[in-house]
Structure formats: structure tokens, C-alpha cells
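Quick notes on the structure that follows.
No value in this document is a laboratory result; all are computed from the given coordinates. These numbers were taken from a predicted model, which means no experiment stands behind them. Don't worry about glycine lacking a Cβ; one is built from the backbone with ideal geometry, like all the others, and counts go over all protein chains shown.
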Amino acid sequence: MANLILGSSSPRRRQLMNEITDKFEIVNSDFDENLIKSRINDPKLLVRLLSINKSIEISLKTKDKYVLSCDTLVSFQNEILNKPLTKDKAYEYLKKLNNNTHEVLTSFAISINGVVIYSEIVTSKLFIFKMDDDMINRYIETLSPLDKAGGYGVQDSEYIKCKYDSENDYHNIMGFPIDNIKNALKLLNII
């Protein structure tokens, strides 16, 4: 049995975690994000609190195991763009981000027995190149934007053309800053 838990149901995070170690298990968080989302407008504070609360919630029910939880937000001019959930909201988000720069913030937290032992926020700047309405609508029809922060997935390169600085930025935009997480797990002697 692994001593490390990834607190996420995301297939992308699971795949990237496998690049660090295959000695982990998956436990989903039952933390109700709406308890925090409705009260906090600051993107950095919100993303940190979400990752910490998810990590603590899982670590309280998995004794003596390290729990790594992540959360990712898209921030455009300090406005938080959550998962759009509807086609209309996805269109609104994609029009805002179209031909603009925005920030993607991923926070990760590591807890054990209800105590946070590490927390970090990784911020990446991303520019999305101009898309016409036809391209935006074709992308929305794939339904991929509906379950992603900001209404897009950086991996959906057929539709989203963007510019960012590094491979770690790419992983951060996907919601799992692999270099930072690996360094933290090594620092704590978890891997």
C-alpha cells in the first residue's frame, strides 16, 4: 500500500503523477468548494485555500499517509474564471481570453493527519492567440471547455493556440506543476 495519496480524480493529474512515481493511490476529496468560492474573490487566496482544504479533508480520513491535492484557477484581469459548465459561459470566457494574456494559478498542498506540511502556488502567464467565432463555437461543441477552468484546455491544441514560457508552465496550465511537486516531495523525503 502506497504512503502517498493523490487527492484528485483528474486523469491528467494522474498521468503526470505517474511521471514522478507510480507508488501512490487515488482518493477523491468530498470537500464542498462552494463553501469557499462564494466568499473569496482573491485568486491566490482562493486557489491556496481550495488545495489546502481538499488535502486536509482527505488526510483526516487516511491516517499516516501523505496527501497531495491541487487546484487550478484562471485569472483574467483579477477576475476568476471557473469551469464554465454551460456553452454560453464557455463562449463568454473564450471571448475574454481571446487575443489576451491571463494567469493560470495552480496551488498544491501536502498534508498528513490533518496537518498541512507544504503548500505552494505556481503562476504561469499564457497568451491565447486570436480565434474567430467559428473556431470558438466548434471548440465549444466538443464540450471540452465545459469542465476546465477558464473554459479551455491547453492540451486542446487543435483549437487553442497559445504562448507560454516553459514546459513546467505547460504542466502548470494543465493543473499539475510537475517540477515543483517533484521537488516538494523530494524535500519532504516522500519520494
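For the reader, a short list of remarks on this structure follows.
- HN-Hα J in Hz across the stretch 92-103 - Karplus 6.51, -1.76, 1.60, θ = phi - 60°, x for Gly and Pro: 4, 5, 5, 5, 5, 7, 4, 6, 9, 9, 9, 10
- Environment charge at Val122 (Cβ cut-off 14 Å; Lys +1, Arg +1, Asp -1, Glu -1): -2
- Surface/4 estimate of mean projected area, convex hull on alpha-carbon atoms of the chain, nm²: 10.3 nm²
- In the structure shown, the pairs Lys61/Lys186; Lys23/Lys61; Lys63/Lys182; Lys65/Lys161 are assessed against 28 Å; a Cα-Cα span above that value is assigned to Lys65/Lys161.
- Across every direction, the projection of the convex hull enclosing the Cα atoms of the stretch 1-42 has a mean area of 4.2 nm².
- Lys/Arg +1, Asp/Glu -1 at C-beta; the stretch 43-191 dipole; positive extreme among Tyr139, Thr101, Asn82: Asn82
- DSSP assigns beta bridges within the stretch 4-187; of those with both partners inside it, close to 80 percent run antiparallel.
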